[in-house]
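**Student:** Can you read through this structure? Questions will come right after.
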Amino acid sequence: MIIAGCGPTGAMLAAELRLHDVRVLVLEKETEPASFVRIVGLHIRSIELMAMRGLLERILERGRRRPAGAYFAAIDKPAPEGLDSAHACLLGIPQPVIVHLLEKHAITLGAQVRHGCAVADLQQDDDGVTVVLADGEQLRASYLVGCDGGRSTVRKLLGVGFPGEPSRTETLMGEMKAGAPPEEIAAKVAEVRQTHHTFTFAPFGEEVYRVIIPAAEVGDRAEPPTLDDFQQQLRTIAGTDFGVHSARWLSRFGDATRLAERYRVGRVLLAGDAAHIHPPAGGQGLNLGVQDAFNLGWKLAAQIRGWAPETLLDTYQAERHPVAADVLDNTRAQVQLSSAEPGPQAVRRLLAELMDFDEVNRHLVEKITAIGIRYDFGAGPDLLGRRLRDIDVKQGRLYDLLHRGRGLLLDRTERLTVGGWSDRVDYLGDPTAALDAPCVLLRPDGHVAWIGDDQHDLDDHLARWFGRPADSEPRARTGHFGRSPKRP
Ligand SMILES: Cc1cc2nc3c(=O)[nH]c(=O)nc-3n(C[C@H](O)[C@H](O)[C@H](O)COP(=O)(O)OP(=O)(O)OC[C@H]3O[C@@H](n4cnc5c(N)ncnc54)[C@H](O)[C@@H]3O)c2cc1C
């Protein structure tokens, strides 16, 4: 199995596949990490994923924890009380640190990563995919996943449409020193931010400032901006260039918004920015990509290992495409709300008032942090299709039991069994679990696949998500966290 691209999406996917013993080769075009350091925000659901795979401590110690809230169009409201998560914070962390951590995690689990290898062509047939590298080398794999970013070669080679809007505005971003006194800068920045809500001129240690400012026009993305571009825009927008000099790095990004028409063509799939791009409003892109990988990993592993039910792999697109469409929409809305024009400013003021209502604020926070996602698993209680929060169980924390990326039956009745699925699904009998249901079946991504207390109904749902049972009797007690009685 080959993954094109070792960004956050590709690295996470590689690790997920390795949990199921799938041989994985990741091909990464670049030999070195990016020269600019993008500080990204990891939202609640992504932090939860890290907890579910034993990476929580490592990621928390490398980031800066901030209270959850103020995500939507940077409207400054605290998060509502009692968010439904044991990990309710925003983690500011440099993107290269996340990539490094996930890549190391994947390699530790047995993935092979080759840097300096660009995918240039592909052909697929009924048995597999031939991947051609830029130097002409050919590799063969059962499946290929394009995690190769917004300008994805894999997506273009597949001919998958990428409809949406091109960049209409651009933003300059960089780090540089300033000659003006800090108090003067702080006062001016506060004034400018009254109307230019995304304008940033913030101290970043060692006399350096992080600068984010609208560009004069949409330029050539291949050409990095110059310090002169920043000086001119600072003078236009702030009335002064603060005497900026000695740039560390300069970059630019646009607001193109596009969504791939399909996430799968035969044996080739797309994930992360290769499947969707949007402006960074609310800081969601990396989160979305990592969560795509988390959704896809176990399904693709099941397909390759031969136990996947027929339609399982296609649930990847069915579940994740609408989630991306929703993210694209909320970033479109946030971009409008950040405009300095009087109309959007008025709508922004109105929304800020509405966000004082708990339900409105909660809805927006759950949307941006992705803890509000509910996949359509059919009719059932509200919890069905949602992820289960990290609750207390008698062995400690629920997410600690999910490190191996297997399904889990959480059984408060202690009457049910995972039977012939015990090689794919763990069992936890726990009458003390803080759960509003007798039993829940969790998929490897922590989403609730079934709620109930009837063994036959459970067996149907085990078959729906985990294929045919290996045998009809309970097998090895590996992956057994409690007492599982014999099948009645
Ligand atoms: C200014 C800015 C701020 C942002 N802030 C946030 C934030 O706070 N939170 C957030 O969640 N997101 C944020 N994002 C978005 C986030 O950076 C992206 O969504 C994320 O990088 C996508 O990850 P990816 O792995 O899908 O793609 P990428 O990170 O683009 O990785 C793709 C990888 O594929 C490699 N590659 C490309 N072509 C090939 C090829 N042909 N063969 C092999 N390898 C190839 C590339 O070298 C790269 O390593 C921000 C983006 C910007 C521009």
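The values are calculated or read from the model by the stated rules, or taken from the named source; none is laboratory data. Small disclaimer: the values here were computed from a predicted structure and weren't measured. Note that we place each Cβ from the backbone using ideal geometry, even for glycine, and neighbour counts take in every protein chain shown. Please note that ligands, DNA and RNA were not included when accessible areas were found on the heavy atoms of the full protein model with its side chains. Shrake-Rupley method; radii C 1.70, N 1.55, O 1.52, S 1.80 Å.
**Student:** Here are Arg374, Arg406, Arg412, Arg387: which of them is modelled with pLDDT of 95 or more, on the phi < 0 side of the Ramachandran plot and in contact with a Cys (Cβ under 9 Å, 6 or more places away or on another chain)? Step through it out loud before you land on a result.
**Tutor:** On the way: Arg374 fails: in contact with a Cys (Cβ under 9 Å, 6 or more places away or on another chain); Arg406 fails: in contact with a Cys (Cβ under 9 Å, 6 or more places away or on another chain); Arg387 fails: in contact with a Cys (Cβ under 9 Å, 6 or more places away or on another chain).
Testing whether each residue is modelled with pLDDT of 95 or more, on the phi < 0 side of the Ramachandran plot and in contact with a Cys (Cβ under 9 Å, 6 or more places away or on another chain) leaves just Arg412.
**Student:** Answer yes or no: is there a residue in region 184-203 that is within 16 Å of the ligand (Cβ to nearest atom), under 25 Å from Asp329 (Cα atoms) and in contact with a Gly (Cβ under 6 Å, 6 or more places away or on another chain).
**Tutor:** No, region 184-203 contains no residue that is within 16 Å of the ligand (Cβ to nearest atom), under 25 Å from Asp329 (Cα atoms) and in contact with a Gly (Cβ under 6 Å, 6 or more places away or on another chain).
**Student:** I would also like to ask the following. Out of Arg151, Arg168, report the one residue that is under 26 Å from Pro344 (Cβ atoms) and open to solvent by 20 Å² or more (accessible area, probe 1.4 Å).
**Tutor:** Arg168
**Student:** Can you tell me which residues in region 130-148 are in a strand (DSSP E or B), among the aliphatic types (A, V, I, L, M) and out of contact with any Gly (no Cβ under 8 Å at 6 or more places or on another chain)? Don't jump to the end; show me each part of the working.
**Tutor:** Here is the first cut: in region 130-148, the ones in a strand (DSSP E or B) are 130-133, 138-141, 144-146.
From what is left, the residues that are among the aliphatic types (A, V, I, L, M) are 131-133, 139, 141, 144-145.
Those that are in a strand (DSSP E or B), among the aliphatic types (A, V, I, L, M) and out of contact with any Gly (no Cβ under 8 Å at 6 or more places or on another chain): Val131, Val132, Leu133, Leu139, Leu144.
**Student:** Phe162: open to solvent by 30 Å² or more (accessible area, probe 1.4 Å), within 24 Å of Pro279 (Cα to Cα) and at pLDDT 95 or above, yes or no?
**Tutor:** For Phe162, the condition - open to solvent by 30 Å² or more (accessible area, probe 1.4 Å), within 24 Å of Pro279 (Cα to Cα) and at pLDDT 95 or above - is met.
**Student:** Now a separate question. With respect to the numbered conditions (1) away from the ligand (no atom under 11 Å from the Cβ); (2) of a type outside the set (Phe, Trp, Tyr); (3) part of a helix (DSSP H, G or I), which one is the sole condition not fulfilled by Lys156?
**Tutor:** Lys156 satisfies every listed condition except (1).
**Student:** Now a separate question. Among the residues of region 180-197, are any in a strand (DSSP E or B) and either within 26 Å of the chain's Cα centre (by Cα) or not aliphatic (A, V, I, L, M) (or both)? It would help to see each step written out before you state the result.
**Tutor:** Restricting attention to region 180-197, the residues satisfying the condition of being in a strand (DSSP E or B) are none.
No, every residue in region 180-197 fails to be in a strand (DSSP E or B) and either within 26 Å of the chain's Cα centre (by Cα) or not aliphatic (A, V, I, L, M) (or both).
**Student:** While we're here: Return the total of residues in region 350-391 being under 16 Å from Arg443 (Cα atoms), outside any loop (DSSP other than H, G, I, E, B) and open to solvent by less than 20 Å² (accessible area, probe 1.4 Å).
**Tutor:** Residues that pass the stated criteria total 1.
**Student:** Would you check which residues across region 206-231 are among the charged types (D, E, K, R), over 26 Å from the mean Cα position of the chain (by Cα) and at pLDDT below 90 and list them?
**Tutor:** The answer is Glu206, Glu207, Glu217, Asp220, Glu223.
**Student:** Right, here's the next one. Can you name the residue in region 309-326 that is touching a strand residue (DSSP E or B) at 6+ places or on another chain (Cβ under 9 Å) and open to solvent by 20 Å² or more (accessible area, probe 1.4 Å) and is also nearest to Tyr263 (Cα to Cα) among such residues?
**Tutor:** In this case the residue turns out to be Gln317.
**Student:** For region 293-308, does any single residue satisfy the condition of being surrounded by fewer than 22 Cβ atoms within 10 Å (Cβ to Cβ) and within 13 Å of the ligand (Cβ to nearest atom)?
**Tutor:** No: region 293-308 contains no residue that is surrounded by fewer than 22 Cβ atoms within 10 Å (Cβ to Cβ) and within 13 Å of the ligand (Cβ to nearest atom).
**Student:** For the condition under 24 Å from the mean Cα position of the chain (by Cα) and without any contact (Cβ under 8 Å) to a residue 24 or more places away in the chain, what is the one hit in Arg151, Arg155, Arg140?
**Tutor:** Being under 24 Å from the mean Cα position of the chain (by Cα) and without any contact (Cβ under 8 Å) to a residue 24 or more places away in the chain holds for just one of Arg151, Arg155, Arg140, which is Arg151.
**Student:** Quick one: is Ala470 at pLDDT 55 or above, open to solvent by less than 70 Å² (accessible area, probe 1.4 Å), among the hydrophobic types (A, V, I, L, M, F, W, C) and in contact with a Gly (Cβ under 6 Å, 6 or more places away or on another chain)?
**Tutor:** Yes; evaluated as a whole, the condition is true for this residue.
**Student:** Within region 118-129, restricting attention to residues that are within 11 Å of the ligand (Cβ to nearest atom) and part of a strand (DSSP E or B), which residue is surrounded by the most Cβ atoms within 10 Å (Cβ to Cβ)?
**Tutor:** Ranking the qualifying residues of region 118-129, first place goes to Val119.
**Student:** What tally of residues in region 100-116 results from selecting those that are part of a helix (DSSP H, G or I) and either open to solvent by 60 Å² or more (accessible area, probe 1.4 Å) or hydrophobic (A, V, I, L, M, F, W, C) (or both)? Talk me through it step by step, then tell me what you get.
**Tutor:** Filtering region 100-116 for residues part of a helix (DSSP H, G or I) gives 100-108.
From what is left, the residues that are either open to solvent by 60 Å² or more (accessible area, probe 1.4 Å) or hydrophobic (A, V, I, L, M, F, W, C) (or both) are 100-102, 104, 106-108.
Summing the residues that are part of a helix (DSSP H, G or I) and either open to solvent by 60 Å² or more (accessible area, probe 1.4 Å) or hydrophobic (A, V, I, L, M, F, W, C) (or both) in region 100-116 gives 7.
**Student:** So, in region 335-349, of the ones that are open to solvent by less than 80 Å² (accessible area, probe 1.4 Å) and part of a loop (DSSP other than H, G, I, E, B), which residue ends up modelled with the lowest pLDDT?
**Tutor:** Ala340
**Student:** Restricting to region 257-291, count the residues that are more than 11 Å from the ligand (Cβ to nearest atom) and open to solvent by less than 30 Å² (accessible area, probe 1.4 Å).
**Tutor:** So the answer is 6.
**Student:** Kindly indicate whether Arg464 is among the charged types (D, E, K, R), part of a helix (DSSP H, G or I) and touching a residue at least 12 places away in the same chain (Cβ under 8 Å).
**Tutor:** Details: among the charged types (D, E, K, R): yes; part of a helix (DSSP H, G or I): yes; touching a residue at least 12 places away in the same chain (Cβ under 8 Å): yes.
So Arg464 passes the test.
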